[in-house]
Amino acid sequence: MADASAAPSTHETPTPPTGVRSPRSHLASDAPRADLNGEWRFRLFDEAVTGVAADDPGTGDGWGSIAVPGHWQLQGHGSPAYTNVVFPFPVDPPRVPRDNPTGEYRRTFAVPSEWLDGGRVVLRFEGVDSWFAVAVNGTPLATSSGSRLPTEIDVTDVVVAGENLLAVRVHQWSAASYVEDQDQWWLSGIFRDVALLRRPAGGITDVRVAAEYDPTSGQGTFRAEVTTLGEARVRIPELGIDLASGQEATLAVEPWSAEVPRLYDTEVSTDAETVRLRVGFRTVTIDDGVFRVNGAAVKLRGVNRHEFEPTRGRAVTPETMLEDVVLAKRHHVNAVRTSHYPPHPHFLDLCDEYGLYVIDENDLETHGFGVIDWRGNPTDDAAWEPLLVDRVRRMIGRDAHHPSIVMWSLGNEAGEGRNLAAMAAAIRELDDSRPIHYEGDRSSADVDVYSRMYASVGETERIGRGEEDQLTDGELDARRRGLPFVQCEYAHAMGNGPGGLADYDELFDTYPRLMGGFVWEWIDHGIATRTPDGVEFFGYGGDFGEEIHDGTFIADGMLLPDRTPSPGMVEMAAVYAPVRIDVEPDAGVPALLVRNRYAFRSTEHAQLTWALEADGEVLASGDYDDLGVLEAGEAFLLTELPAEASAALETAPAGPAVWWTVRARLRPDVAIDAPWAEEGFGLGAGQVLVRAAAPLPAAVGGEVRASDDGGYAVGPAAFDGAGRLVRLGGAEVTLARVDAWRAPTDNDRAASWGEAMSDAEAWRRSGLDRVHERLDSVEVDGDALVVTARTAGAATDCGFAVTYRWTPAGDDAVDLELDIVPEGEWPGSLARIGMLLGLAEGAPSDVLVDWVGLGPGESYADSKVAALTGRWQHTVADLQTRYTHPQENGARRGVTRADLVLGAGRLRVESDGVSVGGRASTGLELSARPWTDAALAAAAHPHDLVAGDVLWLHLDAAQHGLGSAACGPGVLPNAVLRPAPAQLRLRFTAVR
Ligand code: GAL
């Protein structure tokens, strides 16, 4: 076998592309172009066929076909495979196994004869995964890799007028795979567009734009360097700019920002060609350790976006890209990190147009070397320098004209080493107008910002104050202390979560050094698939027969695979809101702080409204037009109700809590350029309690009655002789006991960084997933039936001493005072603490729940900014969130009243207070499900969950928070549920 390293360039050599043209911008040109997307002939081989594609001059007649762009694994050839960190092949760089799926692509294309009349003919591939060789009419021309980067090949000398044969051989595994170890599906093939371009003689090879903005003068400076053999003119008609290549103009302009994405149509022409681009004037600087755009400190409220669509993988369509951008804008995201590679170029056009700050990340990750102590890591190996430097050059060559890009990133999780400096130097040489980012080297030696992923709230705060741990190298330490800090990833959105987003966001607002962060990540990469009997579902690692895989870790997005926003996404939108409206706890009176968090906009376009609400009814409402406008960064403290609201409060019906709600919405009468926003789009909302609920009227009337079968009747509740609740109103009760477990979330299943045990493990050790009740006593005490019991799990000695005190409140209502005292030594937290009821119900999914409390979406102790108190209705089916990997979901907090419309009649549950460890709160936490928690925990996919004939109802004093332990810190102390005595006061009414 030949020594691979001696070979000039094969799929097993760490060499940059061969036979290709220099990188250049992705520009819209009027030069002729033929789209080569569509059906190609295709054949998949199990092994890497040696030689180049030209060895097989066949036309591919009789082969199968494949859609280009696309991945072969999603078109019936081979299977997708998911690993996060580890390589699914031996770590043996740059060699790869013989089992190397190899796709042979063939198609013909037509070259019009006039294309050969001077000028060049060029093939352009926007992205091919992972290594490919190209031959035209039997002549091998080029080899390339860099899956998410373009390749241009000059085919002029081998094409003929009329039909030509294009052969492309693509290897799934190559040397390039070692530097493309991103946490995603391994998916191969020609997955981005292919085109044939006519490059006219005297045409425009490239345009490099400089468009800066000086916030003090309000002037922009513009210059474009045009690479051409012709005479180029550069025009921005709107600004009256008409320049030659290299000439500069300084004049008054409107700047570009994510908030106001002002673009100027620009035309660059020679006699032979015109290209159009959209220029945005903006300047990115770091002054005194603060990240600024156009002179203003900007906080990046970002997301990490992989390209993904469940049927197409990374071959995303323009429609999907637009959907992502619109969804991001609608959820108040202002920044995207293109984790972990340059995105499809059209996505960046959309970011320019709609306004999103972008970290454009190089296609580099070598994480799998971490598993072997980084031995042989390409990042630190001189042999890989040309390949890695070529990648950043191609990224900048393609993308530098986009105003939305505010930073370049060297890559992700590629360890440390010499090639970082080489890549950074190459970037600075090509473009020194943007800071450089890289997280994987804690010293930040080669970059301009200090970046980390998943730093805890505590550590982030220390960094914000400049009090982070020292680096051993004093000089590097001093340098890093002067850099702004970004969390390139934080708040891991796997499954139900993230919790604690608001805690981070508050720090970003507090400390100038903190420039914000990017939630991990945008979307669950669940692949649309089906069971053998045809049930559709979204698959994750292990669903495709992989030899090794990382299971559900691929489902960690804010969007479910079908792009339904998860509750975490809704929470993110509330936390990221540009007009934040929050309770001001230190004002001495009910008060709301309204903050304009834009960096550039006033609140002129925001209509501020108020409402006074009780029991979900609006008592009075109005707008705040008299308050005036907040300039960027300003705030109002609202301490007094509007006069009309005060009057309404005077006459408000006695009993329910009264809330003062303030909302900011897009004004219909102030036009801002926001094509992504619907009418009346919400910019922020908040609520403060102005009058607490009165306690429920005391239970009067009624007594405990002995029933004929030896049991008891207490109002509408029936008990057997052993004190077991068997009927509530019309509903048969199948189970009624204390419960402290939940179907673990992905976050619960993982140990928080630095902790020995996950929450789910602590609950398992506490026996919470398998509790049984021991009956201690059943007594009639005055007008109450008192049952005492001990609830505990097998194999442990910790448990709960429980007292249920049932008191009739007339014929139709019964009060329950529930007292729960934890006993024994507990290894950790509790999942929840409260009452679990099973109610026999023919169609539990269809039961309507009509409640007063936080809603309409779910809320948890550390994910509750988005939820507001009101009156909401959902069926039990709609209360569930169909996480790609089923787990605890759907809790509603602060519930003071809930009506369940059961087959057997309407059952009302009310609460006037719960407490845990002496901390009281209004309202309980309610969850209702058509299946048990055990079934939820056991389900691998949503279709495993089948509604039974029982409605499972949790009425909790509290539930544990969510945290972000699936990757990062767990539940913070402010949301942890520790074993502590708990009380609930509940009233059940059979509503007639
Ligand atoms: C980070 C990594 C991401 C992703 C995430 C966990 O370490 O950069 O690509 O793997 O963890 O979901």
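The values are calculated or read from the model by the stated rules, or taken from the named source; none is laboratory data. Just so you know, these numbers come straight off a predicted model, no measurement behind them. When we count neighbours, we look across all protein chains shown, and the Cβ atoms used for this are built from the backbone with ideal geometry, even at glycine. Heavy atoms of the whole protein, side chains included, go into the accessibility calculation; ligands, DNA and RNA do not. Shrake-Rupley method; radii C 1.70, N 1.55, O 1.52, S 1.80 Å.
If I stretch the segment between residue 978 and residue 276 completely, what's the gain in nm (0.36 nm per residue apart, minus their alpha carbon distance), one decimal?
Numbers: separation 702, 0.36 × 702 = 252.72 nm, distance 6.13 nm.
Result for the pair: 246.6 nm of gain on full extension.
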Ordering 353, 231 by how much accessible area each has at a 1.4 Å probe, largest first, what is the list? 231, 353
So which chymotrypsin sites (Phe, Trp or Tyr not before Pro) in segment 708-753 pass both tests, a DSSP loop state and at most 11 other Cβ atoms within 10 Å of the Cβ? none
How big is D, in µm² s⁻¹, for the chain by Stokes-Einstein at 20 °C and 1.002 mPa s if Rh is the Kirkwood radius over C-alpha pairs? 69
Relative packing of peptides 451-457, 405-411, 778-784, 509-515 - highest average C-beta neighbours within 10 Å first: 405-411, 451-457, 509-515, 778-784
Point-to-point label distance, residue 110-residue 654, nm (Cα→Cβ direction, 7 Å offset): 8.7
Which FRET efficiency value, to the nearest 0.05, is calculated for residue 18 and residue 161 with the Förster distance at 35 angstrom and r the Cβ-Cβ distance? 0.80
Could you give the nm distance between label points at residue 139 and residue 195, where each point is 7 Å from its Cα heading toward the beta carbon? 2.4
Amide H contacts under 5 Å for residue 823, restricted to residues at least 5 apart in sequence or on another chain and with H modeled in the peptide plane, are 799, 800, 801
Order by protection proxy (mean Cβ within 10 Å, highest first), peptides 651-657, 860-866: 860-866, 651-657
Taking only C-alpha positions in segment 891-980, Rg and Dmax in angstrom work out to 15.7, 46
Pseudo-spin-label distance residue 326 to residue 250, built 7 Å along Cα→Cβ, given in nm, is 4.2
In segment 295-574, if every C-alpha pair distance is counted and binned at 10 Å from zero, what percent goes to each bin? 7, 28, 36, 24, 6, 1, 0
What figure in square angstrom, to the nearest 10, would you give for the accessible area of residue 881 with a 1.4 Å probe? 30
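Want the number for residue 819 to residue 756: 0.36 nm per residue separation, take away the alpha-carbon distance, what's left?
Details: separation 63, 0.36 × 63 = 22.68 nm, distance 3.14 nm.
Contour length minus the Cα-Cα distance gives 19.5 nm.
So, by mean Cβ neighbours within 10 angstrom, what's the order for 247-254, 305-312 with the highest one leading? Intermediate values should be presented prior to the final figure.
Numbers: 247-254: 14.9, 305-312: 21.9.
Final packing ranking: 305-312, 247-254.
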With just the Cα atoms defining each centre, how far is segment 576-651 from segment 693-716? Give it in Å. 44
Over the C-alpha atoms of segment 941-989, what are the Rg and the largest Cα-to-Cα span, Dmax, in Å? 16.0, 44
With every protein chain in place, what's the accessible area of residue 44 (1.4 Å probe, Å², nearest 10)? 50
R0 = 56 Å: FRET efficiency of residue 706 with residue 944, Cβ-based, nearest 0.05? 0.80
What is the distance in Å between the Cα centres of segment 263-298 and segment 783-849? 62
Relative contact order in percent for segment 28-199 (Cα pairs under 8 Å, 6+ apart) equals 35
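If I take every Cα pair under 8 Å that is 6 or more residues apart in segment 461-544, average their sequence separation and divide by the length, what percent do I get for the relative contact order? Intermediate values should be presented prior to the final figure.
On the way: 81 pairs, mean separation 22.6, N = 84.
So the answer I get is 27 percent.
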Area accessible to solvent at residue 626, 1.4 Å probe radius, in Å²: 130
Normalised by the number of residues in the chain, what is the relative contact order in percent for Cα pairs under 8 Å and 6+ residues apart? 9
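With a cut-off of at most 10 other beta carbons within 10 Å, and DSSP calling the residue loop, which chymotrypsin sites (Phe, Trp or Tyr not before Pro) in segment 755-821 qualify? Please list them.
none
Between residue 225 and residue 632, what is the FRET efficiency for a Förster distance of 56 Å, r being their Cβ-Cβ separation, to the nearest 0.05? Walk me through the intermediate numbers first.
Numbers: r = 34 Å, r/R0 = 0.61.
Here the calculated transfer efficiency is 0.95.
Which loop-located GluC sites (Glu not before Pro) does segment 432-467 contain, where loop means any DSSP state but H, G, I, E or B and the Cβ has at most 13 other Cβ atoms within 10 Å?
Values: sites: 439, 459, 461, 467; in loops: 439, 467.
Qualifying residues, ordered by number: 467.
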Let me have the 222 nm mean residue ellipticity of the chain computed from DSSP H runs of 4+ only, each contributing -39500 (n - 2.57), with the sum over all residues rounded to the nearest 500. -3500 deg cm²/dmol
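Give, in nm to one decimal, the length gained when the segment between residue 442 and residue 528 is fully stretched (0.36 nm per residue of separation minus the Cα-Cα distance). Please report the intermediate quantities before stating the final value.
Details: separation 86, 0.36 × 86 = 30.96 nm, distance 3.81 nm.
Stretched fully, the residue 442-residue 528 segment lengthens by 27.1 nm.
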Karplus-derived 3J(HN,Hα), 6.51/-1.76/1.60, for each residue of segment 833-847, Hz, glycine and proline x: 8, x, 10, 10, 10, x, 10, 4, 7, x, 10, x, 5, 8, 4
